[in-house]
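Novice: Handing you a structure now.
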Amino acid sequence: DEFPFLISGGVLPLGRVSIYDAKVEVGDGILTLSITSDTWWKLAVDLGESLSPFLIALCAGTGAMSLGAKYLGGQPMIAVDWNKIAFEFLKENLEGTVMQLDLSTRDAAKQIHQACSQPPGTVLLGFPCQPHSSQGLQRGTSDSRAEMLWHGLHVVFMLQPQALILECPPGAGQNIDIQ
């Protein structure tokens, strides 16, 4: 179903646009996005058939996925992890911008998007596997760490990359919520 919407208070370019911090109102069956002085937006660049080599790693851990992609021609642009030890390791061993950030925070997607110096080609998402791993308690979505997948997918949606690669254990593929 289509839901009519109106953008007021500003002019945006035509195309796919990620809009942050607009005032959202629903009335009379119309969604209104009001552009304010706090609103920030980014146009997704259409690269046609070419794949941008620039990588963003979310829940990056040791950065192994970024390093592997680098050997295949990818260029690490941003690595994000909330864990202090992982953050320090990434700063020492990975190229590009390294951010210590919790993806569940309200402004995480905006902060990552603002740090993008180039259009992102691929996002690597190594969400926590403990809820789905055969070595863990296998509590699935009842484990609070499982929510990080949804936060990561929100960030990916807002970044509008060309590709997404998920790192997950085999047990995650059996979970109906992840499927």
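Novice: Using a probe of 1.4 angstrom, how much of the accessible area of segment 1-135 is carbon and sulfur, in percent? Working shown, then result.
Specialist: Values: 4280 of 7940 Å².
Roughly 54 percent, rounded to a whole number.
Novice: Show me the ranking of peptides 42-55, 113-126 by mean Cβ neighbours inside 10 Å, starting with the highest.
Specialist: On the way: 42-55: 13.6, 113-126: 18.7.
In decreasing order of mean packing, 42-55, 113-126 become 113-126, 42-55.
Novice: Among the lysines, which have Cα under 17 Å from the Cα of K42 when same-chain residues fewer than 8 positions away are ignored?
Specialist: Cross-link targets: K23, K110.
Novice: Still on this model: Let me check I've understood the local charge: for M65, count other residues with C-beta under 15 angstrom from its C-beta, Lys and Arg +1, Asp and Glu -1. What total comes out? Could the numbers behind the result be given before it?
Specialist: On the way: positive: K70; negative: D81, E95, E167.
In short, -2.
The values are calculated or read from the model by the stated rules, or taken from the named source; none is laboratory data. Small disclaimer: the values here were computed from a predicted structure and weren't measured. With ideal geometry, Cβ positions are generated from the backbone for all residues, glycine too; neighbour counts draw on all protein chains shown. With ligands, DNA and RNA removed, areas are computed over all heavy atoms of the protein, side chains included. Shrake-Rupley method; radii C 1.70, N 1.55, O 1.52, S 1.80 Å.
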